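Read-outs: derived from the displayed coordinates by stated rules, not from any lab. The structure presented is a predicted model; accordingly, all values stated were derived computationally and were not measured. Because the Cβ atoms are built from the backbone with ideal geometry, glycine has one as well, and the counts that use them run over all protein chains shown.
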Amino acid sequence: MNIEEIIIDKVRILPLDKQQEALDFVEFLIAKMQKQELSSQDKNLGVSALTLAQEYIGCVEAASDLSTNKDYMDGYGS
């Protein structure tokens with residue numbers, strides 16, 4: 001009997017609410033494993049700032065050329 005079959009047999013013995021807890025725990029372990037895999041992939045591949053900020057590109061409305069308002073430079077370096 002392999003470990004998967006042993007787990008299934010033991011879970012079948014549990015009441016329904018405990019089976020739900022077991023399922024929640026297994027899903028937690030899967031999510032944790034996926035997070036660790038993504039983290040290790042990012043470390044190996046390296047991630048650019050553009051990739052990290054891509055979802056935010058275009059989310060702010062502003063003048064197309066921010067250099068048109070030079071008032072912010074008044075008095076600078078005086």
Among 51, 23, 36, whose Cα sits farthest toward the positive end of the charge dipole of the range 20-59 (+1 at Cβ of Lys/Arg, -1 at Cβ of Asp/Glu, about the Cα centre)?
51
Modelling each spin label as a point 7 Å along the Cα-to-Cβ direction, I'd like the residue 16/residue 1 distance in nm, to one decimal.
2.5
So what are the radius of gyration and Dmax for the Cα set of the range 20-59, in Å?
15.1, 43
